[in-house]
Amino acid sequence: MGAEDIYPASGGQVPAEFLVNGRMVRNPIVPQYLWDRISDTDGDGARDYYFTRRMAEVGSRHSDAERGTFRLATGLKGTLKDWNYEAFIAYGKTKESQSSTGQVNVLNFRSALEAVPDATAPGGVACRDANARAQGCVPINVFGFNSISADALKYVVAPGSLDNAVTQKLAGASVNGEMFELPAGKIGWAAGAEYRKEESYSIPDPLTQAGLNAGNAIPPTFGKFDVREFFVESRVPLLKDQPFAKSLSFLGAYRHGDYSTVGKTNSWNAGMEWAPSNDVKVRGTHAVSTRAPNINELFSPPSQDFPTGLVDPCLGVTLTSTQPSAAACRADPGVLANIRANGVFTQTQADLQGISGYNRGNPNLKAEKGISSTIGIVLTPRSIPALSKFTFTADYFKIKIEDAIVSTPRQYSLDQCYGGGNPAFCSFITRYPTNVGSSSAGAIQFSDTAVSNSGGKGTEGVDLTASWADRVGPGRLSAHVAYTYVKSLWDLPLPDAQKDENAGEISTAQNGATPKNKAVVNLAYKWGAFGINSTTTYYGKVALDDQFLAQFDLPARSVSTGSKIYNDFQFNYTLKKSVELYLGIDNAFNTKPAPIISGLPGNVTGTETDASIYDPIGRRYYLGVRVSL
């Protein structure tokens, strides 16, 4: 924690003396060595100092969560002649209460730092403010290891809380059946309508909302929307038992939605399935889909963040630099002051670690539009005895999302503002105009971001699977292998920006690592009441984002992580038809995660890796029982 967390208005200048009854009185807790070397740096007439300290006495940050879910659903279904019908209504609510430790009350901490001599107080020292003393204020000593007393700690610690709730109301009805006999068979169809209403809230404790617990300032979020939809689907048989066409069918679907937030949306897909023989099926689909923004994307107020991994384009700029970013950097008064003081724009470690910023929602978002195409083949070679127990599939996919809902990348905003030719992005950047506390003039104070329908995303690749099952020994063995090759995975921050290719990289734009190669092998053996299942997951190597590396003049793919393999096992025993015991081991061989340290793209705070891909915990066990009613 730094002094700027306690005295943000002054940038962290902590007063070491105070005007009491018309004379300056020294804080007796300030060590003599420090007192002899400090002066008045903020012009208020009192000596001051700055501190940065690991608040070990406060304890580690820890959260406990209690979650409850209530759901009530009912419906009816039946058959009327050749038609099947179904209708339902449902209500559900999930509430979660979190309590956390490891934070302080900034206002109390400030009162505890401002101590004066008092012969009637324990130790001859008391908090300067009378109201604070009445509320139990105890002077705090931040100088030295383990120097904070238990009473002072009790006064400054501030447990946190967070209350979340999501409520959903659903109603729908559908009907399906067959009609219109064709030479190849009847047309299958389904149609229906649905209504859905969602509302949620997230309310932190008052100190967190005000940013007065030395952590992120997180305001409450409230939002709701409802949507009415109807859909129709059909399967039309075109050929059956013809030469080179054991079957040929057309598949189509259409869905229309009317949202209270983004208005009307339309989705559809059309595809063909062709089986030239019993052993081979070819399939292809083209689809247009939509995704409406969620409550957080629409209604989230500015929430404080502390981004890492940002590289300031002004770093190294001098008064005579001619690179595209130089003129834009020197136009900032703080950057110019830094250059004149040092001969070149420089940053301290505090500058790099002290960057803050705010993440914002956007109530003016519109729905995303996705366009996808797939073509594949399914092989079930029953006519070949050696392969009769196998099923093979191969699918090519290509997906593009237009008007994607994304947070404008902070590094992109920096690059566009300084030398990128788009000064509009400078509105996301706030710099210190002068030296403030441990922060240098021109250092980035805030780097903000907001969600918008800007640019798009896309991917292209291949999925392969192979399955096999048969009796082996006294039981039955089954195996399934799935492999995915990601040829391309790109991100477009804005419509006029260049595509950022992220396949095989650890990318900020994709919120983590995307290996080009991934494979999962599932094996299961069932013998009477006993069963064992294993899952082996392989992640190919990935490199740091090439744009991140370019900022350090490093070539693309020059810094990468190795491949990783994880093995999970589960053993189960069926006591009776409705009761099953199970024991599991995850990450059985204790595979270590790829080291992606703080400051690198993809790092998840507190894990030193990308926890969305790699296991940061290690080997672990679980035991449970499943009961079917």
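The values are calculated or read from the model by the stated rules, or taken from the named source; none is laboratory data. Remember, it's a predicted structure, so these values are computed and weren't measured experimentally. Counting neighbours? That spans all protein chains shown, and the Cβs are built from the backbone with ideal geometry, glycine included. Heavy atoms of the whole protein, side chains included, go into the accessibility calculation; ligands, DNA and RNA do not. Shrake-Rupley method; radii C 1.70, N 1.55, O 1.52, S 1.80 Å.
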* Is there any pair with a first residue in the range 434-452 that is in a strand (DSSP E or B) and a second that is basic (Lys, Arg) and surrounded by fewer than 19 Cβ atoms within 10 Å (Cβ to Cβ) whose Cβ atoms are under 7 Å apart and which are 6 or more apart or on different chains, and what are they? -> Ala450/Arg360
* Structure fact -> Counting only residues that are in a loop (DSSP other than H, G, I, E, B), open to solvent by less than 60 Å² (accessible area, probe 1.4 Å) and polar (S, T, N, Q), the range 590-629 contains a total of 4
* Asked: Counting only residues that are under 21 Å from the mean Cα position of the chain (by Cα) and surrounded by 20 or more Cβ atoms within 10 Å (Cβ to Cβ), how many does the range 410-447 have?
  -> 6
* For the range 359-396, how many residues are open to solvent by less than 60 Å² (accessible area, probe 1.4 Å) and either within 30 Å of Phe428 (Cα to Cα) or within 21 Å of the chain's Cα centre (by Cα) (or both)? -> 7
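Restricting to the range 318-327, what's the tally of residues that are open to solvent by less than 40 Å² (accessible area, probe 1.4 Å) and polar (S, T, N, Q)?
To start, the set of residues in the range 318-327 that are open to solvent by less than 40 Å² (accessible area, probe 1.4 Å) comprises 318, 321, 325-326.
Right, trim to polar (S, T, N, Q) and you get 318, 321, 325.
Number of matching residues: 3.
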* **Residue, farthest from Gly442 (Cα to Cα), within the range 301-358, restricted to residues that are modelled with pLDDT under 85 and of a type in the set (Gly, Ala, Ser)** => Gly309
* Identify, please: which residue in the range 120-144 is under 21 Å from Pro31 (Cβ atoms) and free of Cβ contacts under 8 Å to residues at least 24 places away in the same chain and is, among those, nearest to the chain's Cα centre (by Cα)? -> Gly144
* Structure fact -> Within the range 193-210, residues surrounded by 17 or more Cβ atoms within 10 Å (Cβ to Cβ) and not in a strand (DSSP E or B) come out as Asp205, Leu207, Thr208
* Give the residue that is modelled with the lowest pLDDT, with candidates limited to residues of the range 59-90 that are over 19 Å from Gln168 (Cβ atoms), assigned to a strand (DSSP E or B) and open to solvent by 100 Å² or more (accessible area, probe 1.4 Å). => Leu80
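Which of the following residues is free of Cβ contacts under 8 Å to residues at least 60 places away in the same chain and not basic (Lys, Arg): Gly284, Gly257, Gly309?
Details: Gly284 fails: free of Cβ contacts under 8 Å to residues at least 60 places away in the same chain; Gly309 fails: free of Cβ contacts under 8 Å to residues at least 60 places away in the same chain.
Criteria check complete, one pass: Gly257.
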* Conditions: (1) open to solvent by less than 40 Å² (accessible area, probe 1.4 Å); (2) closer than 30 Å to Ser277 by Cα; (3) within 35 Å of the chain's Cα centre (by Cα); (4) among the β-branched types (Val, Ile, Thr). Ile399 meets all but one. Number of the miss? -> (1)
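Looking at the range 393-426, which of the residues that are part of a loop (DSSP other than H, G, I, E, B) and out of contact with any Cys (no Cβ under 6 Å at 6 or more places or on another chain) is nearest to Ser300 (Cα to Cα)?
Pass one, the range 393-426, residues part of a loop (DSSP other than H, G, I, E, B): 403-404, 408-409, 418-422.
Then drop every residue that is not out of contact with any Cys (no Cβ under 6 Å at 6 or more places or on another chain), which leaves 403-404, 408-409, 419-422.
Values: Asp403: 19, Ala404: 18, Thr408: 15, Pro409: 17, Gly419: 31, Gly420: 29, Gly421: 30, Asn422: 26 Å.
For the range 393-426, the residue satisfying everything is Thr408.
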* With the condition kept exactly as written, say whether any residue in the range 286-297 is closer than 18 Å to Leu365 by Cα, crowded, with 16+ Cβ neighbours inside 10 Å, among the hydroxyl-bearing types (Ser, Thr, Tyr) and in contact with a Lys or Arg (Cβ under 9 Å, 6 or more places away or on another chain). => yes
* Residue match in the range 363-382 (condition: over 30 Å from Trp274 (Cα atoms) and assigned to a helix (DSSP H, G or I)) -> no
* To do: Need at least 1 residues that are touching a Ser or Thr at 6+ places or on another chain (Cβ under 6 Å) and under 30 Å from Ala529 (Cβ atoms) per element, so show me which strands (runs of 3 or more DSSP E) inside the range 540-589 make the cut, counting only ones lying wholly within it.
  => 564-576, 579-586
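Could you identify the single residue in Leu248, Leu310, Leu315 that is part of a loop (DSSP other than H, G, I, E, B), of a type outside the set (S, T, N, Q) and open to solvent by less than 40 Å² (accessible area, probe 1.4 Å)? Working first, answer last.
Numbers: Leu248 fails: part of a loop (DSSP other than H, G, I, E, B); Leu315 fails: open to solvent by less than 40 Å² (accessible area, probe 1.4 Å).
Leu310 is the lone residue from the list that is part of a loop (DSSP other than H, G, I, E, B), of a type outside the set (S, T, N, Q) and open to solvent by less than 40 Å² (accessible area, probe 1.4 Å).
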* State all residues of the range 112-140 that are of a type in the set (Lys, Arg) and either modelled with pLDDT of 95 or more or in a loop (DSSP other than H, G, I, E, B) (or both); if no residue qualifies, say none. => Arg128
* Structure fact -> Counted residues in the range 1-39 being among the acidic types (Asp, Glu), touching a residue at least 60 places away in the same chain (Cβ under 8 Å) and either in a strand (DSSP E or B) or open to solvent by less than 20 Å² (accessible area, probe 1.4 Å) (or both) come to 0
* the range 375-392 residues that are polar (S, T, N, Q), paired with ones that are open to solvent by 60 Å² or more (accessible area, probe 1.4 Å) (beta carbon under 6 Å, 6 or more apart) -> Ser388/Arg382
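Would you please name the residue that is farthest from Gln103 (Cα to Cα), looking only at residues in the range 40-58 that are part of a strand (DSSP E or B) and open to solvent by less than 60 Å² (accessible area, probe 1.4 Å)?
Going residue by residue through the range 40-58, those that are part of a strand (DSSP E or B) are 48-49, 52.
Imposing the further condition that a residue be open to solvent by less than 60 Å² (accessible area, probe 1.4 Å) reduces the set to 48-49.
Values: Asp48: 24, Tyr49: 22 Å.
Looking at the filtered set, the residue picked out is Asp48.
Counting only residues that are assigned to a loop (DSSP other than H, G, I, E, B) and among the polar types (S, T, N, Q), which one in the range 211-237 is most open to solvent (accessible area, probe 1.4 Å)? Outline the logic, then answer.
Of all residues in the range 211-237, those assigned to a loop (DSSP other than H, G, I, E, B) come to 211-220.
Pick out the ones that are also among the polar types (S, T, N, Q) and you get 213, 216.
On the way: Asn213: 4, Asn216: 52 Å².
Step by step, filter the range 211-237, then rank; the result is Asn216.
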* Asked: Out of the range 328-337, which residues are farther than 11 Å from Thr318 by Cβ, surrounded by 19 or more Cβ atoms within 10 Å (Cβ to Cβ) and not aliphatic (A, V, I, L, M)?
  -> Asp332, Gly334
* Select from the range 469-501 the residues that are at pLDDT below 90 and within 23 Å of the chain's Cα centre (by Cα) and list them in ascending order. => Asp491, Leu492, Pro493, Leu494, Lys499, Asp500, Glu501
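With the requirement that a residue be among the hydroxyl-bearing types (Ser, Thr, Tyr) and either open to solvent by 70 Å² or more (accessible area, probe 1.4 Å) or assigned to a strand (DSSP E or B) (or both), what does the range 153-170 give you?
Taking the range 153-170 as the starting set, the residues that turn out to be among the hydroxyl-bearing types (Ser, Thr, Tyr) are 155, 161, 167.
Across the range 153-170, the qualifying residues are Ser161, Thr167.
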* Quick one: in the range 171-192, of everything that is among the hydrophobic types (A, V, I, L, M, F, W, C), open to solvent by 50 Å² or more (accessible area, probe 1.4 Å) and in contact with a Lys or Arg (Cβ under 8 Å, 6 or more places away or on another chain), which residue is farthest from Thr74 (Cα to Cα)? => Phe180
* Would you confirm whether any residue within the range 258-273 is crowded, with 18+ Cβ neighbours inside 10 Å, touching a Leu at 6+ places or on another chain (Cβ under 7 Å) and assigned to a strand (DSSP E or B)? => yes
* Structure fact -> Quick count over the range 590-617, residues being touching a Phe, Trp or Tyr at 6+ places or on another chain (Cβ under 8 Å) and more than 14 Å from Ser560 (Cα to Cα), is 4
